[in-house]
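**Q** Structure in structure tokens, see below.
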């Protein structure tokens, strides 16, 4: 027996290109629903924000811990502690002009199902320089801010009645190399980013699509593999510089007028 989470309302006339992942995200077995109810009773006194009290928020922690309620409770508590200690609730008010200029990223793209898409032009990201200049932690906070902002967009879309439960990441990895992106000094930055994704935004990412990937991307992925959960590994889709293949894949998920020219689309490029 299955229960659709009642937190979201179906939008009449909204046509999904592929609603499988949305349906999966919103569907629980009878036993999972019982676990969710028990989990909510345990943690409800800890939750201050309305979006934290929704089923779709709470189920993230249970799924991350295979519905072990004790482990999920501990994970949620650690996340709330991290948010308080790092002022995550007000991170959107901080000035990141320096990061926006040197580490290009946008969150104004949406896929065919209405999910927000974080887009990263990795060729502009000199991670080695950030570490050498003492800005490694600054870069990680910039990444946390991007994940926080795009997660907020999901909540905003849910408030409008849209069946949106996750976000995507789209990366152009042309120019990715083992000097500026995958150097020994860079690896701890990648590991800390993955740990933040897994510990604080578990289950929010539907897909991470990398296009024009050189062999160096696979080298770094092998290093990071021990830190990736199964759900994150399953969400990774890496495409070589074969434009025909990645264009076909993107066209099925994100319209061309939502994509900028670097990603085979017609949306005007951002001027930094």
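The values are calculated or read from the model by the stated rules, or taken from the named source; none is laboratory data. Treat the numbers as computed from the prediction; the structure is a model and nothing was measured. Heads up, the Cβs are rebuilt from the backbone with ideal geometry, glycines too, and the neighbour counts pull from every protein chain shown.
**Q** Being at pLDDT 95 or above, touching a strand residue (DSSP E or B) at 6+ places or on another chain (Cβ under 8 Å), outside the structural domain of residue 114 (by TED's automatic domain parsing) and under 17 Å from residue 203 (Cβ atoms) narrows it down to one of 36, 5, so name that one.
**A** None of the others qualify; the one that does is 36.
**Q** I would also like to ask the following. Kindly indicate which of 115, 138, 128 is in the same structural domain as residue 207 (by TED's automatic domain parsing) and surrounded by fewer than 18 Cβ atoms within 10 Å (Cβ to Cβ).
**A** Just one listed residue meets the conditions, 138.
**Q** Checking residue 250 against (1) surrounded by 15 or more Cβ atoms within 10 Å (Cβ to Cβ); (2) more than 18 Å from residue 166 (Cβ to Cβ), only one condition comes out false. Which one?
**A** Unmet for residue 250, out of (1) surrounded by 15 or more Cβ atoms within 10 Å (Cβ to Cβ); (2) more than 18 Å from residue 166 (Cβ to Cβ): (2).
**Q** Given the condition crowded, with 16+ Cβ neighbours inside 10 Å and at pLDDT 95 or above, answer yes or no: does some residue in segment 15-22 qualify?
**A** Within segment 15-22 (the criterion being crowded, with 16+ Cβ neighbours inside 10 Å and at pLDDT 95 or above), the answer is no, since none of the residues qualifies.
**Q** Which of the helices (runs of 4 or more DSSP H) contained wholly in segment 44-108 include at least 3 residues that are surrounded by fewer than 17 Cβ atoms within 10 Å (Cβ to Cβ) and modelled with pLDDT under 95?
**A** Answer list for segment 44-108: 97-102.
**Q** Kindly indicate whether any position in segment 91-107 is without any contact (Cβ under 8 Å) to a residue 40 or more places away in the chain and at positive phi.
**A** No, there is no match, as no residue in segment 91-107 is without any contact (Cβ under 8 Å) to a residue 40 or more places away in the chain and at positive phi.
Quick grid of which residues meet (1) at pLDDT below 95; (2) closer than 28 Å to residue 51 by Cβ; (3) in contact with a helix residue (DSSP H, G or I) (Cβ under 8 Å, 6 or more places away or on another chain):
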{"site": "201", "(1), (2), (3)": "no, yes, yes"}
{"site": "204", "(1), (2), (3)": "no, yes, yes"}
{"site": "208", "(1), (2), (3)": "no, yes, yes"}
{"site": "220", "(1), (2), (3)": "no, no, yes"}
{"site": "236", "(1), (2), (3)": "no, yes, yes"}
{"site": "246", "(1), (2), (3)": "no, no, no"}
{"site": "259", "(1), (2), (3)": "no, no, yes"}
{"site": "265", "(1), (2), (3)": "no, no, yes"}
{"site": "272", "(1), (2), (3)": "yes, no, yes"}
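**Q** Would you check if residue 185 is in a loop (DSSP other than H, G, I, E, B), within 22 Å of residue 98 (Cβ to Cβ) and in contact (Cβ under 8 Å) with a residue 12 or more places away in the chain?
**A** When the stated conditions are applied, residue 185 passes them.
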